[in-house]
Ligand SMILES: [Zn+2]
């Protein structure tokens, strides 16, 4: 998954760790869910589910089988045989999102034999990106989709909601005949059971999956058909209202998806294992994308472009598609043994997302965007409340559910550490061989940190420190330091074969210096900048003396892209981690105009002001002049879009609003809200702004 931060999500008292342990000791396996859903237009649905499972150990007197369900009603529970004939009705209690069945209801059941429980239930659709989420548009079209991660499938139907159990699914859906229905597996048969109702039977899944990957989309979706390698269905679904925009992009969607699947097949030497790879663009979706095997869901608002987008948005669109595709191998085919090693799926997906994107945009200006984007690792690491090692002790289930642990550490740091292993510790070929071996040894099952470590060299202490210790490291005037307890030794830094730029303070001459020769160059006459585009995760401090020397030499125009990225990253690192200094912001204001790469330009304009406390009037005027002097239409727009969030003086604000009203593009609603907060609601501009963003 890729997600927005959801700290506001309401906390649920979810499954306790002791209950997880109890289930693990009691259940040998959860084998299959036979799910029948009856979807109605409007608000309601109902269904039955037959859960096949095996006991590892029979329940003791006083113990209960726990089935999770956060729905409205459970109407009936029975034990059935393999032909689904009733053996007997079962007593149960439905309370606090649990269906509890006591030990005495299982008399005659033996260890290791298949037990089948059938439950009937009723529920309503959600509209909160949970369970079976439904939206009815102004045009009276209805769009339904599921979002299962972290643990939301129990909001759709009763199930045993635990990531370490993998089960197959056998799904039948009854629905309005005009609707399209899409799930992980292709449709096996469709039958009209009345003039406006249809019954769709999906192919039974051959591959067991954790139940958070169960997917169903249904409603007035439209579809572009496509096929990958003559055999894998590769359709795109979207809502009717967006047809004109999707039409202009469908070629891109197809090209990107094919490129991604092909890349992963080549890299892992394992072909994509599902019958299809559909993409569904979902309304009001807040998760960027979700890697449901065979049926990836994606955020419509962000990726279905309705206006010309900046280069960075184009890179982010393919990045998310590649991220979700790589999960088919890392995350789905091999799934987590528990959430405390979330980086084993999200770090891999970020690593591959970037790797494929770099290949896709090779030689183009979008190629390096991830190196710039790595600054996100720093803000994930900068909150003492939430910092944790990549592989951490098991937290509370509800903290995973509320996304406490789904942050920049698991995603960005995880991805960056895998990249560092590839680029700096093992080398591309050796790392790929190890990944192929990890994949072969663990495919179609769960894996944890033990399985990853089994593929690493015994003496690879650097990777282990990054995996098990907190903190990040940085270069500070000739010394390597780290936050928390990362603990890399100077010998280990040498192993990373870092590269540096040495800039002569007097003449501005720039040379590249390897780490091994750095001692000869560190002197008062040189500015030393760590090359930060080199696939590692070491940051750098930068001080005002060096910045003013660079400014005075007026040499930033001569910097190559890698040196510029290294410099901007050092400034952002300094602002986030150490000091919000005037010198750094002034350097940024004086020099940002020389940044030629639109993606780097966008990143710098996005991140530098974000970590600066508040602009002075003089600084505001400077950034306004950057905007005014920017003749290129696209760059001009990048400044305006970012500027609009940070300026406060009335005069500049009015100016910006007037400028924005001249433009055809729209800014995000949340930035518009921040802007209108600062405007007089009776003013003409205020009314025009509201009108424009309708
Ligand atoms: Zn992901």
Could you list 48, 297 in order of exposure, starting from the residue whose Cβ has the fewest other Cβ atoms within 10 Å? 48, 297
Stretched out fully, how many nm does the piece from residue 551 to residue 107 gain, at 0.36 nm a residue minus the Cα gap? 151.7 nm
Compute the projected area of the convex hull of the Cα atoms of the chain, averaged over all viewing directions, and report it in nm² to one decimal place. 32.2 nm²
Just want to confirm a number: the relative contact order over the range 523-579, from Cα pairs under 8 angstrom separated by 6+ residues, in percent. 48 percent
Cα centroid distance between the range 340-410 and the range 634-649, in Å? 27 Å
Nearest 10 degrees, 0 to 90: helix 582-591 Cα axis against the chain principal axis: 80 degrees
Scoring the chain by relative contact order with C-alpha pairs under 8 Å, at least six apart, yields a percentage of 9 percent
Simple label model, 7 Å out from Cα along Cβ direction - residue 445 to residue 28, nm: 1.6 nm
Residue 509 paired with residue 631, simple spin-label distance in nm, labels 7 Å along Cα-to-beta-carbon: 3.5 nm
How would you rank 248, 174, going from fewest to most other Cβ atoms within 10 Å of each one's own Cβ? 248, 174
By counting other Cβ atoms within 10 Å of each Cβ, how are 230, 21 ranked from fewest to most? 230, 21
For the pair residue 20/residue 517, report the inter-label distance in nm, with labels modelled 7 Å from Cα in the Cβ direction. 5.1 nm
Taking just the alpha-carbon atoms of the range 213-283, what radius of gyration and Dmax come out, in angstrom? 13.1, 40
Shape call, the range 615-694: gyration tensor on alpha carbons, a/c limit 1.5: oblate
Fully extended, how many nm does the chain gain between residue 177 and residue 423 (0.36 nm per residue separation, minus their Cα-Cα distance)? 83.3 nm
Please label the shape of the range 471-613 as rounded, prolate or oblate, based on the square roots a ≥ b ≥ c of the eigenvalues of the alpha-carbon gyration tensor (a/c under 1.5 means rounded; beyond that, a/b larger than b/c means prolate, else oblate). oblate
For helix 343-360, what angle does its Cα long axis make with the longest principal axis of the chain, in degrees from 0 to 90 and rounded to 10? 60 degrees
R0 = 45 Å: FRET efficiency of residue 648 with residue 284, Cβ-based, nearest 0.05? 0.90
Longest principal axis of the chain (C-alpha) makes with the long axis of helix 311-327 (C-alpha) an angle, in degrees to the nearest 10, of 40 degrees
Pairs of Cα atoms under 8 Å, at least six residues apart: use those to get the relative contact order of the range 144-282, whole percent. 25 percent
Beta bridges by DSSP in the chain, antiparallel share as percent, to the nearest 5: 80 percent
Descending packing, highest mean Cβ count within 10 Å first, for 36-44, 461-469 is 461-469, 36-44
Euclidean distance between Cα centres, the range 28-84 to the range 663-694, Å: 50 Å
Per-peptide average of other Cβ atoms within 10 Å, ordering 441-452, 528-539, 55-66 highest first: 528-539, 441-452, 55-66
Euclidean distance between Cα centres, the range 119-162 to the range 449-513, Å: 45 Å
Taking the mean number of other Cβ atoms within 10 Å as a proxy for protection, how do you rank 555-564, 205-214 from highest to lowest? 205-214, 555-564
State whether the range 165-274 is rounded, prolate or oblate according to the following rule on the C-alpha gyration tensor (a ≥ b ≥ c being the square roots of its eigenvalues): a/c under 1.5 gives rounded; otherwise a/b larger than b/c gives prolate, and the remaining case gives oblate. oblate
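Laboratory data are not the source of any read-out in this text; all were calculated from the coordinates shown. As the structure is a prediction and not an experimental result, all values here were calculated from the model. Ideal geometry is used to build each Cβ from the backbone, glycine not excepted, and the neighbour counts take in all protein chains shown.
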